[in-house]
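The block underneath contains the structure these notes are about, expressed in structure tokens.
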Amino acid sequence: LEPGAPNLAASLLHQKLQMLNCCIERKKKRERWQLQTSESAAQQKSGSSESDDEIFYECPDDMDASSDTADAVSAHSPKDGGDTSAVRTSTLDSFITDSHDKSREGILRRCGDMTLLETGEPLQIPVTQEPSPMTEDMLEQHADALVKLGSNPEGAVLRARMQSACLFSDMEAFKAANPGATLSDFVRWYSPRDWIAPVVDPVTGKTLEEGHLSHRMQLPGNTWQEVWSTARAVPAHRQKRLFDDTKEAEKVWFSHSK
């Protein structure tokens, strides 16, 4: 069988076998990721302990090991009575930067030279969940479920929620990897065509018009705005799985064992 999502042009049995392979591969990949994550966390914890020991022994004898950030800044300041503002600022910035970096989770890699609009921090591409593979009958069941929700307001809300599950997951992963990010930052990475770049005078370099979201993204009730407002900062490995490989594998197995 060819790897990847089920081939909808093939027979249903062929699709089901491909789905079973997808489930096996997803489970193996998930277990590898969990192992790597746990090993990385253990290494960071060990490294952190070693770093703490080094910092403790480098501290002056009269400094308490539990001193706060302000005390640490003072400890690194010059003792000759000179101008200490530059050193204090640099040291405080390093504490803030370290804290900010530690709050980032689930980073895949940096997105070129793009930066967040409000904080100026590098824009990071998050690790995201893969979309759920589907067979022909699964697509039909999903479509039927959407139709049965009806056209009333409650049904419309549920329909939008079902259709935006992947978007919601990606937004949460993006927020986890990019603290302080805005919807505009997410759109610039996820849907560049919905971001209108700033207009800059080629001669003076002056910005004539600030960058902004496309018209459809600014419409009242836009799904992306609503989803962004409810999304939290949660890396992909801590999110509810979009695709339950165990459950789907059991469905395939039991449907053909009857």
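Taken together, the values in this text are just the output of simple stated rules run on the coordinates, not laboratory data. What you see is a predicted model, and the numbers here were worked out from it, not measured in a lab. Quick reminder, even Gly has a Cβ in these numbers, built from the backbone with ideal geometry, and neighbours come from all protein chains shown.
Here are the numbers for this structure:
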| read-out | value |
| --- | --- |
| Net charge contributed by nearby residues that have their C-beta within less than 15 Å of L149 (K/R +1, D/E -1) | +1 |
| Leading residue at positive end of dipole, the stretch 139-258 (Cβ point charges), from S214, Y190, H142 | H142 |
| Estimated inter-spin distance, Q141 and R30, nm [label 7 Å along Cα→Cβ] | 1.7 nm |
| Gap separating the Cα centres of the stretch 151-221 and the stretch 1-39, nearest whole Å | 31 Å |
| Contour minus Cα-Cα distance for L242 and A156 (0.36 nm per residue) | 28.9 nm |
| Sequence of I107, I196 once ranked by neighbouring C-beta atoms within 10 Å, starting from the fewest | I196, I107 |
| Relative contact order, percent, the stretch 108-255 [alpha-carbon distance under 8 Å, six or more residues apart] | 28 percent |
| Net length gained if the chain between E210 and F254 were fully extended (0.36 nm per residue, minus Cα distance) | 10.1 nm |
| Protection proxy ranking, peptides 218-228, 164-174, average beta carbon neighbours within 10 Å, highest first | 164-174, 218-228 |
